[in-house]
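The values are calculated or read from the model by the stated rules, or taken from the named source; none is laboratory data. Small disclaimer: the values here were computed from a predicted structure and weren't measured. All Cβ positions, even for glycine, are placed from backbone atoms using ideal geometry, and neighbour counts span all protein chains on display. We work out accessible area using only protein heavy atoms, side chains counted, and drop any ligands, DNA or RNA first. Shrake-Rupley method; radii C 1.70, N 1.55, O 1.52, S 1.80 Å.
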Amino acid sequence: MVALVDVNNFYVSCERVFCPALRGQPVIVLSNNDGCVVARSDEAKALQIGMGQPVFEIRELIRKNRVQVFSSNYALYGDMSARVMNTLRQFAPAIEVYSVDESFLDFSGMERFDLQAHALDIRQTVWRWVGVPVSVGIAPTKVLAKLANRLAKKETQYKGIRILSGGWESELKAVEVGDVWGIGRQYASFLQRYGIKTAYDLTQANDAWVRKHLTVVGLRIKKELEGEPCISIETDIPNKKNVGTTRTFRHPLTTKTEVGEALADFAARCGEKLRRQQSSATLLTAYIQTNHLAPGEPQYSRSFTVSFTTPTNSTLQLVKAAKFVLDKIFRAGYRYKRAGVLLGELVHPNAGGQISLFDTLDHEKHQRLMSALDAVNARFGRNTVRTAAQTIVGSARLTQQNRLSPCYTTKWKEALRIEVRGER
């Protein structure tokens, strides 16, 4: 059996941990620059606030219903996610962290366990230790576990736990084929044209037909719906093949200095990501573009790619390359609304790649310097030590976060304070 544990309305639940008064109230969390809705409480969903809906469209709805609005606090959410995943690791011999708020738990060898009681223990422990509610779906395969979790959330009579151990035809008939994990919008439209409208209909299709039109991936999904495990638990998170950092700016940038500082920030952030997964980049691409939604403004967009003689993850080299690209792509007289740095052709630093005859850089010295840089920033906060090319106050000034909650668990100055006063 496989369990999928999913935190309910994760971003909203994180905000409620440190402000219990928000429970029972409509709450939404906004995207970067406070532009769109990226998380909603059940109460906000009942008000017909849509996922991804621009906030300017619902200002009056927010005001009338006293909807609580927060900017995305990714530092807080990332730390809370780590706490949830560390808690879940004690409940199964293997765990796959699928996303920031979802994990698959491998229950192999636990057939004699009371899975209902075990799932209840998971919910109660995560709530007691972390303070966020979770739903648990258990089934013989990952696709069915995903479906069971969906039922656990939607149908209140299950109290956040749903186990599919056999005879799940009625559940498959109640799920639209487009809601099956792994079936995208295009495949869903294609299947519906052939009369396959539900998950059950997909299980009744011919294997050869499914493989021909949905490839072997679609066939695996079909088999998993039938209860045959085809998708294994992945305990090792694979390294990303590309790394990037992009932003839409709070206000358009007009000077080369401003754009250069932004690109330097992005390159430094990419360097952190590379070193975290022990990779080095061969290519760096930077781009800038104006706001194509601004009527009457002159438009401009350009990117440029450079290659490194020897793959690197040194912030100093990445920032230097980003500044070089800036000279190639920047044009005065435009209002730049978006920019980014992308790194490609990633390799392991010790993969034994080709060494250039003309490379005179002391890479070992750079590695020692980056290790020290990461250690300081990990202890005292990101950008405590940065290159001179970066913004003085970090990239926060480039984005709009007017409703940002404190970083309760990652910054000492913003830790929650509780004052207890006794009677004299």
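How about region 1-60: which of its residues are among the small types (G, A, S), open to solvent by less than 20 Å² (accessible area, probe 1.4 Å) and part of a helix (DSSP H, G or I)?
Correct list: S13, A44.
Among residues belonging to region 137-169 that are open to solvent by less than 80 Å² (accessible area, probe 1.4 Å) and hydroxyl-bearing (S, T, Y), point out the one that is nearest to E226 (Cα to Cα). Across region 137-169, the extreme among qualifying residues is T141.
Among the residues of region 298-314 satisfying the criterion of being open to solvent by 50 Å² or more (accessible area, probe 1.4 Å) and of a type outside the set (K, R), which is farthest from D362 (Cα to Cα)? Walk me through it before giving the result.
The first filter runs over region 298-314 and keeps only residues open to solvent by 50 Å² or more (accessible area, probe 1.4 Å), leaving 298-299, 301-305, 307, 309.
Add one more test, that the residue is of a type outside the set (K, R), and what stays is 298-299, 301, 303-305, 307, 309.
Working: P298: 44, Q299: 42, S301: 36, S303: 29, F304: 26, T305: 24, S307: 18, T309: 13 Å.
By that ranking, first place goes to P298.
Say we look at region 96-136 and pick out the residues that are part of a strand (DSSP E or B) and out of contact with any Asp or Glu (no Cβ under 7 Å at 6 or more places or on another chain); which of these is surrounded by the most Cβ atoms within 10 Å (Cβ to Cβ)? So the residue we want is V136.
Contact map, region 62-90: residues that are farther than 21 Å from R23 by Cβ and assigned to a helix (DSSP H, G or I) paired with residues that are modelled with pLDDT under 90 and open to solvent by less than 20 Å² (accessible area, probe 1.4 Å), Cβ distance under 7 Å, separation 6+ or inter-chain. Pairs shown: A75/C407. Just one of (1) under 22 Å from the mean Cα position of the chain (by Cα); (2) at pLDDT below 90; (3) not acidic (D, E) fails for M1. It is (1). Within region 244-297, the only residue that satisfies the criterion of being out of contact with any strand residue (DSSP E or B) (no Cβ under 7 Å at 6 or more places or on another chain), on the phi < 0 side of the Ramachandran plot, of a type in the set (G, A, S) and surrounded by fewer than 20 Cβ atoms within 10 Å (Cβ to Cβ) is A294.
Taking F324 as the residue in question, decide whether it is crowded, with 16+ Cβ neighbours inside 10 Å, farther than 13 Å from P252 by Cα and over 30 Å from the mean Cα position of the chain (by Cα). Show your work before the answer.
Values: crowded, with 16+ Cβ neighbours inside 10 Å: no; farther than 13 Å from P252 by Cα: yes; over 30 Å from the mean Cα position of the chain (by Cα): yes.
Taking the combined requirement at face value, the residue does not satisfy it.
If only residues of region 367-412 that are outside any loop (DSSP other than H, G, I, E, B), touching a strand residue (DSSP E or B) at 6+ places or on another chain (Cβ under 9 Å) and surrounded by 17 or more Cβ atoms within 10 Å (Cβ to Cβ) are counted, the one that is modelled with the highest pLDDT is L398. Restricting region 298-316 to residues that are modelled with pLDDT of 90 or more and out of contact with any strand residue (DSSP E or B) (no Cβ under 9 Å at 6 or more places or on another chain) leaves a set whose member that is farthest from N242 (Cα to Cα) is L316.
Within region 154-177, the set of residues being in contact (Cβ under 8 Å) with a residue 12 or more places away in the chain and part of a helix (DSSP H, G or I) comprises E169, E171, L172, K173, V177.
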